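In what follows, a single structure is set out as structure tokens and then discussed.
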Amino acid sequence: MTTTTLPPAVEVIDLRREFTVGRGGSARTLTALDGLSLSVTPGTVHGLLGPNGAGKSTLCKILSTTLLPTSGTARVLGHGVTDRPREIRRSIGLVLGGDRGLYSRLSARQNLELWGALHGLHGRELRTRITDLLARVGLTERAGERVGGFSRGMKQRLHLARGLIGDARVLLLDEPTTGMDPVAADDFRDFVRALRAEGRTVLITTHDMAQAEAICDEVTLIDRGRVLTSGDPRDLARRLSGGQRIEARSVPSRLAAEIADLPEVTVVRRPGDGQLCVDTASAEATRVVLALLVDWGMSTVRTGPPSLEELYLRVVGGRKMRVSA
């Protein structure tokens, strides 16, 4: 029996993007993407994580054909960004953070009518799709109101509807939860899971590590336009750290000091009230720490990998990540 392997939904090979800043003798070249390579499996949610200046938004702009690469290859559903941009635009949805892409003087419905018309939709088909999308993002009751009066979270939900107006098979979500409250952010996660269940591919840039762990099948950490590492967010921290996180309660100070002196114990913290938080660099170190805790009669002990956020800060080196590139 022949097994058919689907090509990547998004494929980036040795991609470079340079910008020239200044003029004449003071001109200099800035590199936003420095030989970046990436592959996204169809029907998955892929998270792109990186600090300010990492190149996340630059990559989204190239994939959406709004920016040309300096060199390298980028394909969406097999279409090259430089030779088949029209095919890409028909098959993707781009969701930006903030107010970009929305017309504040138009209502939510009028915004979607405009974007639907640009996708070649008209009449009953367009009206039906708009009604369905407004319901899906929880804006049915606000459909006739001007977008200028919307909260930031409501605008983000309208962005999601706009990204789907053309029935996109690939969605590029650039910091899509900016301005959302916790309830709206939780609804967003359900929304993305539903998109994946429909067979759509989602590439999402975010600095929200908890969100990445919750909804992404795979994450890629980038910095200064280069890929640092990729993998399943649920085991990436364990794979890179080589050890585990151990948490215990009611730990005496003498025992905490003894553990801190052990080889391959990388981090020891005392959050308070006798709590102890230990990161190890190997399975052997984990075994030794657990044995000590048991020998001292510690009964409340929990183990697991370090969080994705902590791994991120170790790999990137603590650079700030509150604003996307």
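Any read-out appearing in this document is the output of simple, stated calculations on the displayed coordinates, not a laboratory observation. All figures in this text were calculated on a predicted structure; none of them were measured in a lab. All Cβ positions, even for glycine, are placed from backbone atoms using ideal geometry, and neighbour counts span all protein chains on display.
Tell me, 104, 37 in order of fewest to most beta-carbon neighbours within 10 Å?
104, 37
Tell me whether the range 244-304 comes out rounded, prolate or oblate; compute the Cα gyration tensor, take square roots of the eigenvalues as a ≥ b ≥ c, and use a/c under 1.5 as the rounded threshold.
rounded
Put +1 on the Cβ of each Lys and Arg and -1 on the Cβ of each Asp and Glu in the chain; which of 206, 255, 140 then has its Cα farthest toward the positive end of the dipole?
140
Once Lys and Arg get +1 and Asp and Glu get -1 on their Cβ, which of 80, 117, 65 lies farthest toward the positive end of the dipole of the range 1-136?
Comparing the listed Cα positions along the dipole, 117 ranks first.
For the range 1-50, what is the per residue volume of the convex hull drawn over the alpha-carbon atoms, in cubic angstrom?
101 Å³
Can you give the local net charge around residue 180? Use residues other than it whose beta-carbon is closer than 11 angstrom to its beta-carbon, Lys and Arg +1, Asp and Glu -1.
Overall, the nearby charge balance is -1.
What order do you get for 275-286, 114-125 when each peptide is scored by the mean count of other beta carbon atoms within 10 Å, highest first?
Peptide ranking by packing, descending: 275-286, 114-125.
So what's the range 33-161 giving for Cα Rg divided by 2.2 N^0.38 Å, two decimals?
1.19
Sort the range 129-180 into rounded, prolate or oblate with this rule: let a ≥ b ≥ c be the square roots of the eigenvalues of the Cα gyration tensor; rounded if a/c is under 1.5, and if a/c is not under 1.5, prolate when a/b is larger than b/c, oblate otherwise.
Note, shape of the range 129-180 comes out oblate.
Calculate for the chain the 222 nm mean residue ellipticity that helices alone would give, adding -39,500 (n - 2.57) per DSSP H run of length 4 or more and normalising by residue count, nearest 500 deg cm²/dmol.
Helix-only estimate at 222 nm: -10500 deg cm²/dmol.
Hey, got the dipole for the range 10-231? About the Cα centre, +1 on K and R Cβ, -1 on D and E Cβ, debye to the nearest 20?
Dipole about the Cα centre, nearest 20: 800 debye.
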